[in-house]
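A short worksheet on the structure shown next.
Every number here is computed from the coordinates shown, using simple stated rules; none is lab data. Source: prediction; values computed, not measured. Counting neighbours? That spans all protein chains shown, and the Cβs are built from the backbone with ideal geometry, glycine included.
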Amino acid sequence: MKLIIFGATGPTGQFVVKQALGKGHHVKALVRNPDSLTSSNARLSVSKVNIFRSEELHPHLNGSDAIISCLGTRKLSLFDRSKITFYTDSLQSILDSMRMSGTKRLVCLSSWGTKRPPVLEKTMRLFPVGRLLDNMLEMEVYLEDHCCDIDYTVIKPAGLLDKAPSGLPILTSHQERVQGCKMVLSRGDVARFVLQCVEQGTWVKSRVSIGVKTWT
Ligand SMILES: NC(=O)c1ccc[n+]([C@@H]2O[C@H](COP(=O)([O-])OP(=O)(O)OC[C@H]3O[C@@H](n4cnc5c(N)ncnc54)[C@H](OP(=O)(O)O)[C@@H]3O)[C@@H](O)[C@H]2O)c1
């Protein structure tokens, strides 16, 4: 398959790129820092883009089978109380560019627990992580409410560990977490599930929480 990967230089994105190449896919990484990408392969091309400019993105998307977004925003200051819009802003330009290029399939990452009980919602909003989860939820709701033309899948992992795929079965749920699963899973497992969704066309027009039962 011909895959476009956003966030390919991030810790999960790097796993997705490596696994996709290992499975014989063609990968185009659209990144802001090409030097941060550790993979190299004849089937990998890397382009520097501004992810918020759809006019810049859409020529790269022509002819691709699926878009994978592993974008995230790591650097959050405890003292910055402003609303986080990173997920919805980057989603909007990706969607615009998908529509311009006629690409339908999108797999992106969110997190367990974006929808929280009201009491937790208010308290957590005082901290960057709460506002991060709020914006992820806005992204999920936007896809559901305004993107019936897009075959999206929102993958909601537990806490992420920088580890290789465990080989354990990945359990899924439509709830905000997967009952009986660990609070963490490896980025390698997330990458495995991302590619499974893309290759098998599963979980289309859905958000799905994922986790693993035991850790080895
Ligand atoms: N950490 C956790 O425990 C956890 C749990 C559940 C879900 N998640 C979510 O899972 C996803 C992947 O997480 P992760 O820790 O692997 O990655 P991450 O550190 O959140 O994402 C970083 C990626 O996004 C890119 N990025 C950020 N701002 C950008 C911008 N303005 N323009 C272009 N690229 C930009 C980074 O590029 P550069 O390399 O250039 O900075 C990098 O490739 C994220 O959405 C995260 O919120 C994380």
query: If the cut-off is a Cα-Cα distance under 18 Å, which aspartates and glutamates reach K2, setting aside same-chain residues fewer than 8 apart in sequence?
result: D65, D151, E199
statement: Once amide hydrogens are built 1.01 Å from N within the peptide plane, the residues lying 5 or more places from V107 or on another chain with amide H under 5 Å from its amide H are I67, I68, S69, T153
- line: Under 5 Å from the placed amide H of A29, counting only residues 5+ away or on other chains, we find I5, S45, V46, S47
Three semi-axes of the equivalent ellipsoid, the range 135-177, Cα gyration tensor, whole Å, largest first: 25, 12, 10
query: Which pairs in the list K18/K104; K28/K75; K75/K104 are over 27 Å apart, alpha-carbon to alpha-carbon?
result: K75/K104
task: Label the range 1-103 by shape, choosing from rounded, prolate and oblate, from the square roots a ≥ b ≥ c of the eigenvalues of the Cα gyration tensor; if a/c is under 1.5 it is rounded, and otherwise prolate applies when a/b is larger than b/c, oblate when it is not.
output: oblate
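Please list the three semi-axes, largest first and in whole Å, of the ellipsoid equivalent to the chain, using sqrt of 5 times the eigenvalues of its alpha carbon gyration tensor.
Largest first, the chain gives 25, 21, 17 Å.
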- request: Take the alpha-carbon centre of the range 134-160, take the same for the range 56-122, and report the distance between them in whole Å.
  value: 8
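Relative to the Cα centre, what is the charge dipole magnitude of the range 2-211, using +1 at the beta carbon of each Lys and Arg, -1 at the beta carbon of each Asp and Glu, and rounding to the nearest 20 debye?
Values: 28 positive and 19 negative charges, 105 e Å.
The calculated dipole for the range 2-211 is roughly 500 debye.
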- line: Within the range 3-23, the residues whose backbone N lies under 17 Å from a label point placed 7 Å from the Cα of K75 along the Cα-to-Cβ direction are 7-11
field: Sum of -39500 (n - 2.57) over DSSP H runs of 4+, divided by residues of the chain (222 nm, nearest 500)
entry: -11000 deg cm²/dmol
field: Cα gyration tensor, the range 104-216 - rounded (a/c under 1.5), prolate or oblate
entry: oblate
- prompt: Once phi is turned into θ = phi - 60°, what whole-Hz ³J(HN,Hα) does the Karplus curve with 6.51, -1.76 and 1.60 give for every residue of the range 33-50, x standing for Gly and Pro?
  reply: 10, x, 5, 7, 7, 8, 7, 9, 5, 5, 8, 10, 10, 10, 10, 8, 9, 9
statement: 1/(1 + (r/R0)^6) with r = Cβ-Cβ of E121 and A164, R0 = 35 Å, i.e. FRET efficiency to nearest 0.05, evaluates to 0.50
task: Express as a percent, rounded to the nearest 5, the fraction of DSSP beta bridges in the range 2-211 (both residues included) that run antiparallel.
output: 10
statement: Counting as exposed only chymotrypsin sites (Phe, Trp or Tyr not before Pro) in DSSP loop states with no more than 13 other Cβ atoms inside 10 Å, the longest exposed-site-free span of the chain is 80-214
